[in-house]
Amino acid sequence: MKKHHVDILISEQDVRSRIAELGQEITNFYQHKNIHTPLVVVGLLRGSFMFMADLVREIHLPVEIDFMTTSSYGNAMNSNHDVRISKDLDGDIKGKHVLIVEDIIDTGRTLKHVVELLKHRQAASVKVVTLLDKPERREEAIEADYVGVQVPNKFVVGYGLDFKQFYRNLPCIGVLKPEFYED
Ligand code: PRP
């Protein structure tokens, strides 16, 4: 664990309790909506793997689970403005209610691309939950329906989020100290 590389922004305990609240809100919403097909919860890999696993345990409804792998950054620190889908959903979402699970919304390009795609595939509804939101970086006019925590424009890692593929396994959200990403 490279915990000394980061300043803790959101503790493991705070992440856990915020996810429990999100799960409750989501459960209440779909219960009241009285949907007649299972909710399909779609995790955008790789960043959302940990959030997805914890969140679905807090959603007390019948759900299907599916994943899509998207990438917009490569290993660079800035978005290259391309959204690539390297693994598509396994299931058909036509006529189903979909909840997209993101770890972070930054420019909003990934989310815009995926929401448009799933609407085009005729999902009955498409909602979005993100653990983190970095509104200062937004380039597309898109917001999540459920936001865990708004974060400042800093280099956040942990709990699924990476720098050059590392730090994803930290159980908290931290700000990476500049000496660990600057040459
Ligand atoms: C990150 C993150 C979001 C996306 C947000 O994924 O997980 O999916 O970028 O950025 P955006 O709002 O500017 O599109 P990334 O492409 O780095 O892949 P990863 O999930 O494998 O970390």
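The values are calculated or read from the model by the stated rules, or taken from the named source; none is laboratory data. Computed from a prediction, not measured in an experiment: that's the story for all the values here. Methodologically, a virtual Cβ is constructed for each residue, glycine included, from the backbone with ideal geometry; neighbour enumeration extends over all protein chains shown.
Observations
- Counting only strands (runs of 3 or more DSSP E) that sit completely within the range 76-183, those holding 1 or more residues that are more than 12 Å from the ligand (Cβ to nearest atom) and among the charged types (D, E, K, R) correspond to 125-133.
- Among the residues of the range 19-44, the ones that are over 16 Å from the mean Cα position of the chain (by Cα), surrounded by 15 or more Cβ atoms within 10 Å (Cβ to Cβ) and not in a helix (DSSP H, G or I) come to 2 in all.
- Residues being under 20 Å from Met52 (Cα atoms) and free of Cβ contacts under 8 Å to residues at least 40 places away in the same chain - total across the range 128-141: 4
- Condition check for Asp54: in contact with an Asp or Glu (Cβ under 8 Å, 6 or more places away or on another chain), charged (D, E, K, R) and within 27 Å of Val83 (Cβ to Cβ): no
- Test result for Ile59, more than 13 Å from Cys172 (Cβ to Cβ), in contact with a Phe, Trp or Tyr (Cβ under 7 Å, 6 or more places away or on another chain), surrounded by 17 or more Cβ atoms within 10 Å (Cβ to Cβ) and of a type in the set (Val, Ile, Thr): no
- Within the range 33-54, residues that are at pLDDT 95 or above sit with their Cβ atoms under 7 Å from residues that are hydrophobic (A, V, I, L, M, F, W, C) and part of a loop (DSSP other than H, G, I, E, B), at 6+ positions apart or across chains, in these pairs: Leu39/Leu61; Val40/Ile93; Val42/Leu89.
- The single condition among (1) among the polar types (S, T, N, Q); (2) within 16 Å of the ligand (Cβ to nearest atom); (3) surrounded by 15 or more Cβ atoms within 10 Å (Cβ to Cβ) that Thr69 does not satisfy is (3).
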